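*Asks:* Have a look at the structure that comes next, please.
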Amino acid sequence: MQSLGPAPRGENLAFSTMVVDREGRLLRPYATPEGRWRLPVALNEADPRYVRMLVAYEDRRFRDHFGVDPLAMLRAAWQFAANGRIVSGGSTLTMQVARLLEPRSERSLSAKLRQMVRAIQLERAMSKDQILALYLNLAPYGGNLEGARAAALAYFGKEPRKLSLGEAALLVALPQAPELRRPDRSAQAARAARDRVLDRVAAAGLLPADEVALAKRETAPSARRPMPALAPHAAEQAVAAAPAAQVHRLTIDAPLQSSLEELARERVRALGPDISIAIVVIDNETGETLARVASADYFNKRRAGQVDMSLALRSPGSALKPFIYGLAFEDGLAHPETLIEDRPIRYGAYAPENFDLTFQGTVTVRRALQHSLNVPAVALLDRVGASRLTARLAQAGAPLVLPKGEAPGLAMALGGLGIKLSDLTMLYAGIARGGDALQRAERHDSRARAAPLRLLDPVAAWYVGNVLIGAPPPENAAQGRIAYKTGTSYGYRDAWALGFDGKRTVGVWAGRPDGAPVPGMIGRTAAAPVLFDAFARMGRPPAPLASAPQGVLLASTASLPPPLQRFNPDGFAGGIARTPVRIVYPPQGAQVDLSSGSNALDPLALKISGGVEPLTVLVNGQPAAARGDRRTLFVAPEGLGFTRLTVIDAKGSSDSVTVRLQ
């Protein structure tokens, strides 16, 4: 036999591409280009009993020989001579690894000698544990299954470290004749081979008789299970983004993902055969995606399961209202206890109505948002400005998509635009964070996180959360534990529910992927129960919301500054048009030097135009004493740094700027 080069050591083995979760748990594997399932497994990731049985059954002197076991070879030769057939092989585990690394179809003396030489080379180059690990990754288990991990997942639906005794014995037996003993083709032959392994290791004293008896009574598998396919849409997108990577690690939490996928499957059964559900869970502190259920059932064609509804543009209905109210709070137009009218009103040809076609008269802003009244939301948007709302949400990383050729308008308050569930959930997480939005992250290796983006100021964000946690919960759910809002798009095409506690934010969408209407499907009954169930499946009670930041004004309606007691929707006094109040100086974004050379800071001068007296000045959301004449007011600053200044006139007109004091 001609001289052989160095033995291959498996350096270039092609393993299945894998997508794993934040802890390294398998979400979804992909077959190799040759169509094989070969998933890497380390020796310490396999059940120790399985490894001990493997060595005892296949090569009990494995730890002592140098790659070839002369005693085993002599025994095999003697049995062949005595019986005229092969009774037992003389191959060591190292020789089997050598054969698996250099597969050859011929069975000849020269092939056996080559294996022996390669085995000796492997023993010189590698440790015993490394050789065992190669066997665990290369052994054939029938069909396109290679390696103990692929076999454990395909036959038992579990990782090899969680094997029962009977399952471990079956994995020991299969590689000797993988096609003849395949459980999915010959369950009886598989059970018989398993029992022979158990008998031999029991005879060697490795297992007590009672455990062997129990293992033999275990039901052997009779079919292959599908490979794991958790978060299939996220997995596909991760692989498409970096096709050369072998392992893709996501921020998703596998147990939570599995639980929410099951929740989606359960819920759509009651909603109808064409309905799908999407769920997104975000960690408030980091912006990491903990779960993303992009459809109710990836393999269900009727539900268009392969369409990713978490990234689809859909109309949010009333789910954008919290951001309208947040801007109104930020601008000093309203406070949660401000009174606002819910009465018929017309804006040109547009006359908004409530969902139930009734009006509630004078209500607080708190009640208007909690009960999702449409007229107050439109009135506030008219004052805040539709273009400003669009720009603020885009600035926070969630662009709104309007119908082609349309400009931002008041219909946005009721959802006349498109947004992704993933983006909307990220925005709600920004409210939970105190007004700073973090871009949603899904790849675990994206260490460089972008800086937070401004969504709302902290006081306004706290007001919104404080209002939403009092929203009436769905039937049989506890109130006051989750701050949430629902939405239903025009024509019953989309049902939404988004909510947060102190740690996590969850977004839920339900509807038909093709955009067809589903009469009677609304956010409160279709999506909100899913939202509350999702929180219930997180394994811990909802965390309390953040405490109130500096500047929050806790007051009843009667105790509010007069301009905040009642919202003025039109900016007119006595039916006569007036000039709205404006802060002329300092301008937005200005840097103002208040240092006077002493320890005290100079008063901050505000130059005002327009408006109706008396004027109210807010510094960082808190009423501040102001002195001076009609056009120039002086206020005492709270300190250096960024400061938000708001002026409100007697009729509710307001203007705000953010400046840096130094």
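Taken together, the values in this text are just the output of simple stated rules run on the coordinates, not laboratory data. These figures come from a predicted structure and were not determined experimentally. Positions of Cβ are backbone-derived with ideal geometry, glycine not excepted, and every protein chain shown enters the neighbour counts.
*Asks:* Assuming R0 = 41 Å, what is the FRET efficiency of R25 and A189, from their Cβ-Cβ distance, to the nearest 0.05?
*Replies:* After rounding to 0.05, the efficiency reads 0.80.
*Asks:* I would also like to ask the following. Sorted by mean Cβ packing within 10 Å, highest first, what order do the peptides 346-352, 294-300, 494-500 take?
*Replies:* 494-500, 294-300, 346-352
*Asks:* In µm²/s, what is D for the stretch 36-216 at 37 °C and 0.692 mPa s, where D = kT/(6 pi eta Rh) by Stokes-Einstein and Rh is the Kirkwood radius from Cα pairs?
*Replies:* Answer from the Stokes-Einstein relation: 196 µm²/s.
*Asks:* Still on this model: Compute the FRET efficiency between Q306 and S164 as 1/(1 + (r/R0)^6), taking r as their Cβ-Cβ distance and R0 = 35 Å, and round to the nearest 0.05.
*Replies:* 0.50
*Asks:* A further question follows. Determine the distance separating the Cα centre of the stretch 1-72 from the Cα centre of the stretch 493-554; give it in Å without decimals.
*Replies:* What the calculation gives is 46 Å, centre to centre.
*Asks:* Shape of the stretch 456-601 from its Cα gyration tensor (a ≥ b ≥ c, root eigenvalues): rounded if a/c is under 1.5, otherwise prolate when a/b > b/c, or oblate?
*Replies:* Taking the square roots of the gyration eigenvalues as a ≥ b ≥ c, the stretch 456-601 is prolate.
*Asks:* Plugging the Kirkwood radius over Cα pairs into Stokes-Einstein for the stretch 163-292, at a temperature of 25 °C and a viscosity of 0.890 mPa s, what D comes out in µm²/s?
*Replies:* Using the Kirkwood radius from Cα pairs, D works out to 132 µm²/s.
*Asks:* Please state the relative contact order of the chain as a whole percent: Cα pairs under 8 Å, 6+ residues apart?
*Replies:* 11 percent
*Asks:* For the stretch 327-381, what class follows from the C-alpha gyration tensor (a ≥ b ≥ c being the square roots of its eigenvalues): rounded when a/c is under 1.5, otherwise prolate if a/b is larger than b/c, else oblate?
*Replies:* It is oblate, given that a/c is not under 1.5 and a/b is not larger than b/c.
*Asks:* Another question, if that's okay. What does the C-alpha gyration tensor say about the overall shape of the stretch 343-445? Classify as rounded when a/c is under 1.5, otherwise prolate if a/b is larger than b/c, or oblate.
*Replies:* Note, shape of the stretch 343-445 comes out prolate.
*Asks:* Kindly write out, for the stretch 403-414 in residue order, the coupling ³J(HN,Hα) from the Karplus curve 6.51 cos²θ - 1.76 cosθ + 1.60 (θ = phi - 60°), rounded to whole Hz, with x marking Gly and Pro.
*Replies:* Per-residue couplings from phi come out as x, 4, x, 9, 9, x, x, 5, 5, 4, 4, 10 Hz.
*Asks:* Can I ask one more? In what sequence, highest mean first, do 645-653, 407-415 appear when ranked by Cβ atoms within 10 angstrom?
*Replies:* 645-653, 407-415
*Asks:* May I pose another question? So how compact is the stretch 313-536: Cα radius of gyration and Dmax in angstrom?
*Replies:* Rg, Dmax (Cα atoms, Å): 16.4, 53.
*Asks:* Tabulate in residue order the Karplus-calculated ³J(HN,Hα) for the stretch 504-520, using 6.51 cos²θ - 1.76 cosθ + 1.60 with θ = phi - 60°, rounded to whole Hz; enter x for Gly and Pro.
*Replies:* Each residue of the stretch 504-520 in turn: 9, 10, 10, x, 10, 10, 9, x, 8, x, 7, x, 6, x, 10, x, x Hz.
*Asks:* Quick check: pseudo-label points 7 Å beyond the Cα along Cα→Cβ at A450 and R60, how many nm apart are they?
*Replies:* 6.5 nm
*Asks:* Further, regarding this structure: Sorting check: for 328-334, 379-385, 63-69, which peptide has the highest mean count of neighbouring beta carbons within 10 Å, and how do the rest follow?
*Replies:* Listed from highest to lowest mean packing, they are 328-334, 379-385, 63-69.
*Asks:* From Cα pairs below 8 angstrom and at least 6 apart in sequence, can you work out the relative contact order of the stretch 610-662, rounded to a whole percent?
*Replies:* After rounding, I find 38 percent.
*Asks:* With θ set to phi - 60° and the Karplus curve 6.51 cos²θ - 1.76 cosθ + 1.60, what are the ³J(HN,Hα) couplings of the stretch 354-359 in order, to the nearest whole Hz, using x for Gly and Pro?
*Replies:* 6, 4, 8, 6, 10, 10
*Asks:* Please list, ordered by chain and number, the residues whose modelled amide H lies under 5 Å from the amide H of A441; skip anything fewer than 5 residues away on the same chain.
*Replies:* Answer set, sorted by chain and number: E288, T289.
*Asks:* I've got another one for you. Of K321/K607; K162/K503; K503/K651; K321/K404; K158/K301, which sit over 29 Å apart, Cα to Cα?
*Replies:* K321/K607; K162/K503; K503/K651
*Asks:* May I pose another question? Please pull out the direction-averaged projected area of the stretch 185-237, using the convex hull of its alpha-carbon atoms, in nm² to one decimal place.
*Replies:* It is 5.7 nm².
*Asks:* Let me check against my output: what whole-number percent is the relative contact order of the stretch 324-376, with C-alpha pairs under 8 Å and at least 6 apart?
*Replies:* Result for the stretch 324-376 is 41 percent.
*Asks:* 5 Å is the cut-off here: which amide hydrogens, built 1.01 Å from N in the peptide plane, fall below it relative to H248, excluding neighbours closer than 5 in sequence?
*Replies:* M18, V19, V20
*Asks:* A further question on this structure: Amide H neighbours of A483 under 5 Å, at least 5 residues apart or on other chains, H built in the peptide plane: list them.
*Replies:* For A483, whose amide H was placed from the backbone, the distant partners under 5 Å are F500.
*Asks:* With a point put 7 Å past each Cα toward its Cβ, work out how far Q246 is from Q479 in nm, to one decimal.
*Replies:* It is 5.7 nm.
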